[in-house]
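Here is the structure we will look at.
Rule-based calculations on the coordinates, nothing more; no lab input. On a predicted model such as this, the values are computed, not experimentally measured, just so you know. Methodologically, a virtual Cβ is constructed for each residue, glycine included, from the backbone with ideal geometry; neighbour enumeration extends over all protein chains shown.
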Amino acid sequence: MAKTEREFHTPANPWIERSPGNDAQVLSVDEETGAFTRLSRLEPHTDTTPQGVQAHACWEEVYIVSGSIYDIGLDAWFHAGQYAVRPPGMKHGPWKAGPDGTVMLEWRYAMTDDRERLPRDHYVTP
């Protein structure tokens, strides 16, 4: 199975709270491979330190749509229009959202670790 082909539409999936101040809206998912595309939203000044440093078992791409984010591990600010490509195992984060919050578009590719797959209740299939 692959991601469902769809022309422009309003996503049916709700925003799901991943942790306080950290929400995600799944745009598409491939149930077979676990690959997905989602929006992630951090409320202003949200600190993801409790989730620690992240590293995934798949490729990940992230585009900052709006706002800014501070990467604590890198001691650097990143802003709307900036983009990251991360290979499997690359460490990143934790982060603090800027004063206007942050919205990011994320793509993750075929999962080799089932623990990273999205929970079924995070998305709706048509």
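Multiplying the residue separation of ILE72 and ALA12 by 0.36 nm and subtracting their alpha-carbon distance yields 18.3 nm.
Taking 7 Å steps out from each Cα toward its Cβ at TRP59 and THR4 produces label points 2.6 nm apart.
Note on ASP47 and HIS92: their simple-model spin labels are 2.2 nm apart, each label 7 Å out from Cα toward Cβ.
Modelled spin-label separation between TYR83 and ASP30, with each label point placed 7 Å from Cα along the Cα-to-Cβ direction: 2.0 nm. Placing one equal scatterer on every Cα of the stretch 10-90 and applying the Debye formula, the log10 ratio I(q)/I(0) at q = 0.25 Å⁻¹ is -1.67.
The string of couplings for the stretch 31-46 from the Karplus curve (6.51, -1.76, 1.60, θ = phi - 60°) is 5, 6, 9, x, 4, 8, 10, 8, 9, 10, 10, 10, 5, x, 6, 4 Hz, one whole number per residue in order, with x for Gly and Pro.
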